[in-house]
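Structure, as C-alpha coordinates:
The values are calculated or read from the model by the stated rules, or taken from the named source; none is laboratory data. Keep in mind that what you see is a predicted model, and the values were worked out from it rather than measured. Reconstructed Cβ throughout: ideal geometry from the backbone, glycine too, with neighbour counts over all protein chains shown.
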Amino acid sequence: MPEANIQVSSPIIPTPRALQLAGMFDIPPAERSELKWTVKLPLEEKDWQIGAIIGPSGCGKSTIARKLFGDSMVPEYAWPKDKCVLDGFPEGMPNKTIVELLSSVGFSSPPSWLRPFHVLSIGEQFRVTLARLLAETGDGLAVMDEFTSTVDRQVAQIGSAALAKTIRRGKGKFIAVTCHRDILEWLAPDWYYDPAADHFEFFFADGPASSSKSRGSIIRPGDSFISITI
(Lines give C-alpha, C1' and ligand atoms only; values in the text may rest on other atoms or scores of the structure.)
Protein backbone atom coordinates (compact mmCIF):
# COMPACT_ATOMS: atom_id res chain seq x y z
CA MET A 1 0.00 0.00 0.00
CA PRO A 2 1.56 3.33 -1.04
CA GLU A 3 1.56 5.49 2.09
CA ALA A 4 3.49 8.42 3.45
CA ASN A 5 3.56 11.09 6.12
CA ILE A 6 4.55 14.23 4.28
CA GLN A 7 5.52 17.61 5.66
CA VAL A 8 6.79 20.60 3.72
CA SER A 9 7.77 23.93 5.21
CA SER A 10 9.32 27.23 4.23
CA PRO A 11 10.61 30.11 6.36
CA ILE A 12 8.52 33.25 6.79
CA ILE A 13 10.78 36.29 6.56
CA PRO A 14 9.15 39.13 8.55
CA THR A 15 9.42 41.82 5.91
CA PRO A 16 7.23 44.94 6.28
CA ARG A 17 4.83 43.62 3.65
CA ALA A 18 4.65 40.19 5.27
CA LEU A 19 3.92 41.74 8.68
CA GLN A 20 1.29 44.06 7.20
CA LEU A 21 -0.40 41.13 5.44
CA ALA A 22 -0.44 39.07 8.65
CA GLY A 23 -2.07 41.98 10.45
CA MET A 24 -4.67 42.53 7.72
CA PHE A 25 -5.88 38.91 7.88
CA ASP A 26 -5.19 38.11 11.55
CA ILE A 27 -2.60 35.46 10.67
CA PRO A 28 -0.88 34.26 13.87
CA PRO A 29 2.85 35.04 13.92
CA ALA A 30 5.04 32.10 12.92
CA GLU A 31 8.60 31.48 11.80
CA ARG A 32 7.63 28.91 9.18
CA SER A 33 4.73 28.04 6.90
CA GLU A 34 3.96 24.30 7.05
CA LEU A 35 1.71 21.81 5.28
CA LYS A 36 1.19 18.17 6.29
CA TRP A 37 -0.45 15.14 4.67
CA THR A 38 -0.96 11.55 5.80
CA VAL A 39 -1.76 9.47 2.74
CA LYS A 40 -2.65 5.78 2.39
CA LEU A 41 -3.82 4.49 -0.98
CA PRO A 42 -5.22 0.91 -0.87
CA LEU A 43 -4.14 0.14 -4.42
CA GLU A 44 -3.31 -3.49 -3.65
CA GLU A 45 -6.97 -4.26 -2.92
CA LYS A 46 -7.96 -4.34 -6.60
CA ASP A 47 -6.31 -4.90 -9.95
CA TRP A 48 -6.09 -1.62 -11.81
CA GLN A 49 -4.38 0.06 -14.73
CA ILE A 50 -5.37 3.73 -14.64
CA GLY A 51 -5.62 6.05 -11.65
CA ALA A 52 -5.99 9.78 -11.04
CA ILE A 53 -4.84 12.14 -8.30
CA ILE A 54 -7.13 15.10 -8.74
CA GLY A 55 -7.91 18.29 -6.87
CA PRO A 56 -7.55 22.08 -6.87
CA SER A 57 -4.24 23.86 -7.20
CA GLY A 58 -2.28 23.92 -3.96
CA CYS A 59 -3.92 20.86 -2.39
CA GLY A 60 -0.71 18.80 -2.52
CA LYS A 61 -1.25 16.65 -5.64
CA SER A 62 2.25 17.01 -7.03
CA THR A 63 3.97 16.72 -3.65
CA ILE A 64 2.06 13.53 -2.84
CA ALA A 65 2.66 12.02 -6.28
CA ARG A 66 6.41 12.68 -6.10
CA LYS A 67 6.61 11.18 -2.60
CA LEU A 68 4.62 8.04 -3.42
CA PHE A 69 5.65 7.43 -7.03
CA GLY A 70 8.83 9.47 -7.49
CA ASP A 71 10.70 6.90 -9.58
CA SER A 72 7.76 6.64 -11.98
CA MET A 73 7.16 10.36 -12.57
CA VAL A 74 7.28 11.23 -16.26
CA PRO A 75 10.24 13.58 -16.81
CA GLU A 76 10.34 16.55 -19.12
CA TYR A 77 11.67 14.67 -22.12
CA ALA A 78 14.60 16.02 -24.11
CA TRP A 79 13.87 16.24 -27.83
CA PRO A 80 16.33 16.67 -30.72
CA LYS A 81 16.40 20.34 -31.66
CA ASP A 82 16.70 19.94 -35.43
CA LYS A 83 15.57 16.36 -36.06
CA CYS A 84 12.07 15.00 -36.51
CA VAL A 85 10.08 13.84 -33.50
CA LEU A 86 10.60 10.19 -34.45
CA ASP A 87 14.29 10.63 -33.56
CA GLY A 88 13.32 11.46 -29.98
CA PHE A 89 11.97 7.97 -29.35
CA PRO A 90 14.10 5.15 -27.88
CA GLU A 91 17.01 4.16 -30.07
CA GLY A 92 16.36 0.84 -31.72
CA MET A 93 12.56 1.16 -31.63
CA PRO A 94 11.23 0.40 -35.13
CA ASN A 95 9.54 3.22 -37.02
CA LYS A 96 6.48 1.03 -37.37
CA THR A 97 6.11 0.85 -33.59
CA ILE A 98 6.60 4.60 -33.20
CA VAL A 99 4.00 5.31 -35.88
CA GLU A 100 1.55 2.97 -34.15
CA LEU A 101 2.10 4.77 -30.83
CA LEU A 102 1.65 8.21 -32.38
CA SER A 103 -1.53 7.09 -34.11
CA SER A 104 -2.84 5.46 -30.94
CA VAL A 105 -2.87 8.80 -29.10
CA GLY A 106 -4.64 10.64 -31.90
CA PHE A 107 -1.63 12.13 -33.70
CA SER A 108 -1.95 10.71 -37.21
CA SER A 109 -0.16 13.27 -39.38
CA PRO A 110 2.93 11.93 -41.22
CA PRO A 111 3.95 15.44 -42.41
CA SER A 112 3.95 16.62 -38.78
CA TRP A 113 5.99 13.61 -37.69
CA LEU A 114 8.85 14.94 -39.82
CA ARG A 115 9.01 18.20 -37.85
CA PRO A 116 11.08 18.91 -34.71
CA PHE A 117 9.19 18.83 -31.43
CA HIS A 118 9.56 22.55 -30.69
CA VAL A 119 7.75 23.65 -33.88
CA LEU A 120 4.67 21.53 -33.19
CA SER A 121 1.52 23.05 -31.77
CA ILE A 122 0.85 22.68 -28.04
CA GLY A 123 -1.79 20.04 -28.78
CA GLU A 124 0.59 18.11 -31.03
CA GLN A 125 3.34 18.29 -28.41
CA PHE A 126 0.92 16.89 -25.84
CA ARG A 127 0.06 13.92 -28.05
CA VAL A 128 3.69 13.25 -28.96
CA THR A 129 4.61 13.32 -25.27
CA LEU A 130 1.89 10.75 -24.54
CA ALA A 131 3.27 8.50 -27.31
CA ARG A 132 6.80 8.77 -25.92
CA LEU A 133 5.49 8.06 -22.42
CA LEU A 134 4.06 4.80 -23.75
CA ALA A 135 7.31 4.01 -25.56
CA GLU A 136 9.52 4.68 -22.55
CA THR A 137 7.32 3.01 -19.94
CA GLY A 138 6.25 -0.21 -21.64
CA ASP A 139 4.57 -2.46 -19.08
CA GLY A 140 5.67 -0.32 -16.13
CA LEU A 141 4.04 2.56 -14.25
CA ALA A 142 4.01 6.13 -15.55
CA VAL A 143 2.82 9.08 -13.44
CA MET A 144 2.24 12.35 -15.30
CA ASP A 145 1.98 15.63 -13.39
CA GLU A 146 -0.10 18.54 -14.73
CA PHE A 147 -1.88 16.11 -17.05
CA THR A 148 -3.73 18.06 -19.81
CA SER A 149 -2.98 21.41 -18.13
CA THR A 150 -1.41 22.97 -21.24
CA VAL A 151 -4.05 22.02 -23.83
CA ASP A 152 -7.62 23.05 -24.61
CA ARG A 153 -10.33 20.87 -23.19
CA GLN A 154 -11.31 19.17 -26.44
CA VAL A 155 -7.73 18.05 -27.04
CA ALA A 156 -7.52 17.01 -23.36
CA GLN A 157 -10.61 14.83 -23.63
CA ILE A 158 -9.65 13.20 -26.92
CA GLY A 159 -6.08 12.63 -25.74
CA SER A 160 -7.29 11.13 -22.46
CA ALA A 161 -9.62 8.69 -24.20
CA ALA A 162 -6.94 7.65 -26.70
CA LEU A 163 -4.32 7.14 -23.98
CA ALA A 164 -6.72 5.09 -21.85
CA LYS A 165 -7.59 2.83 -24.79
CA THR A 166 -3.92 2.21 -25.52
CA ILE A 167 -3.01 1.58 -21.86
CA ARG A 168 -5.78 -0.98 -21.50
CA ARG A 169 -4.61 -2.90 -24.56
CA GLY A 170 -1.37 -3.68 -22.71
CA LYS A 171 -0.15 -4.40 -19.20
CA GLY A 172 1.16 -0.97 -18.24
CA LYS A 173 -0.22 1.40 -15.61
CA PHE A 174 -0.79 5.16 -15.68
CA ILE A 175 -1.63 7.76 -13.05
CA ALA A 176 -2.77 11.24 -14.06
CA VAL A 177 -2.09 14.11 -11.66
CA THR A 178 -4.42 16.96 -12.57
CA CYS A 179 -6.81 19.66 -11.43
CA HIS A 180 -9.15 19.04 -14.38
CA ARG A 181 -12.10 16.87 -13.48
CA ASP A 182 -13.53 17.01 -16.99
CA ILE A 183 -11.06 14.37 -18.19
CA LEU A 184 -12.23 11.69 -15.77
CA GLU A 185 -15.07 10.50 -17.97
CA TRP A 186 -12.65 10.24 -20.92
CA LEU A 187 -9.64 8.82 -19.10
CA ALA A 188 -11.93 6.36 -17.31
CA PRO A 189 -9.65 5.72 -14.29
CA ASP A 190 -10.09 2.68 -12.11
CA TRP A 191 -9.60 4.87 -9.03
CA TYR A 192 -9.07 8.46 -7.99
CA TYR A 193 -7.72 10.25 -4.94
CA ASP A 194 -8.62 13.81 -3.98
CA PRO A 195 -6.06 15.22 -1.50
CA ALA A 196 -8.23 18.25 -0.72
CA ALA A 197 -11.02 16.00 0.58
CA ASP A 198 -8.69 13.16 1.62
CA HIS A 199 -10.97 10.85 -0.32
CA PHE A 200 -10.11 7.67 -2.27
CA GLU A 201 -12.57 5.85 -4.50
CA PHE A 202 -12.56 2.78 -6.70
CA PHE A 203 -14.79 2.88 -9.76
CA PHE A 204 -15.37 -0.84 -10.19
CA ALA A 205 -16.32 -3.91 -8.22
CA ASP A 206 -14.66 -6.83 -10.00
CA GLY A 207 -11.41 -6.17 -11.83
CA PRO A 208 -10.43 -3.22 -14.00
CA ALA A 209 -13.33 -1.25 -15.36
CA SER A 210 -14.04 -1.08 -19.06
CA SER A 211 -12.75 2.06 -20.72
CA SER A 212 -16.28 2.67 -21.96
CA LYS A 213 -17.69 3.01 -18.41
CA SER A 214 -18.61 6.60 -17.64
CA ARG A 215 -16.84 8.39 -14.79
CA GLY A 216 -19.14 11.38 -15.05
CA SER A 217 -20.90 9.96 -12.02
CA ILE A 218 -17.95 11.02 -9.89
CA ILE A 219 -20.15 13.97 -8.96
CA ARG A 220 -23.42 12.03 -8.80
CA PRO A 221 -24.29 10.37 -5.47
CA GLY A 222 -25.94 6.98 -5.29
CA ASP A 223 -23.99 5.04 -7.92
CA SER A 224 -22.79 1.54 -7.03
CA PHE A 225 -19.08 2.22 -6.73
CA ILE A 226 -16.74 1.05 -4.01
CA SER A 227 -15.96 4.13 -1.95
CA ILE A 228 -13.18 4.27 0.62
CA THR A 229 -12.62 7.46 2.60
CA ILE A 230 -9.19 7.67 4.19
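Show the residue pairs that are 6+ apart or on different chains and have beta-carbon atoms under 8 Å apart, the first residue being within the stretch 24-51 and at negative phi, the second being in a helix (DSSP H, G or I) and charged (D, E, K, R).
Listed by first residue and then by second, the contacts come to V39/K67; Q49/R168; I50/R168.
Checking the condition surrounded by 11 or more Cβ atoms within 10 Å (Cβ to Cβ) and assigned to a loop (DSSP other than H, G, I, E, B), which residue from I53, I6, I27 passes?
I27
With respect to T137, determine if the residue is touching a helix residue (DSSP H, G or I) at 6+ places or on another chain (Cβ under 7 Å), among the polar types (S, T, N, Q) and either modelled with pLDDT under 95 or not assigned by TED's automatic domain parsing to the domain that holds K61 (or both).
Numbers: touching a helix residue (DSSP H, G or I) at 6+ places or on another chain (Cβ under 7 Å): no; among the polar types (S, T, N, Q): yes; either modelled with pLDDT under 95 or not assigned by TED's automatic domain parsing to the domain that holds K61 (or both): yes.
Considered against the rule, which asks whether it is touching a helix residue (DSSP H, G or I) at 6+ places or on another chain (Cβ under 7 Å), among the polar types (S, T, N, Q) and either modelled with pLDDT under 95 or not assigned by TED's automatic domain parsing to the domain that holds K61 (or both), T137 comes out as no.
Determine the pairs where a residue that is closer than 18 Å to Q157 by Cβ, located within the stretch 97-126, has a partner that is assigned to a helix (DSSP H, G or I) and among the aromatic types (F, W, Y) with Cβ atoms under 7 Å apart, the partner being 6 or more residues away or on another chain.
Listed by first residue and then by second, the contacts come to Q125/F117.
Yes or no, residue by residue, for (1) over 21 Å from R181 (Cβ atoms); (2) within 15 Å of the chain's Cα centre (by Cα):
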{"residue": "R115", "(1), (2)": "yes, no"}
{"residue": "G123", "(1), (2)": "no, no"}
{"residue": "A135", "(1), (2)": "yes, no"}
{"residue": "S149", "(1), (2)": "no, yes"}
{"residue": "T166", "(1), (2)": "yes, no"}
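Output yes when any residue across the stretch 63-72 is without any contact (Cβ under 8 Å) to a residue 24 or more places away in the chain and among the polar types (S, T, N, Q), and no when none is.
No, that holds for no residue.
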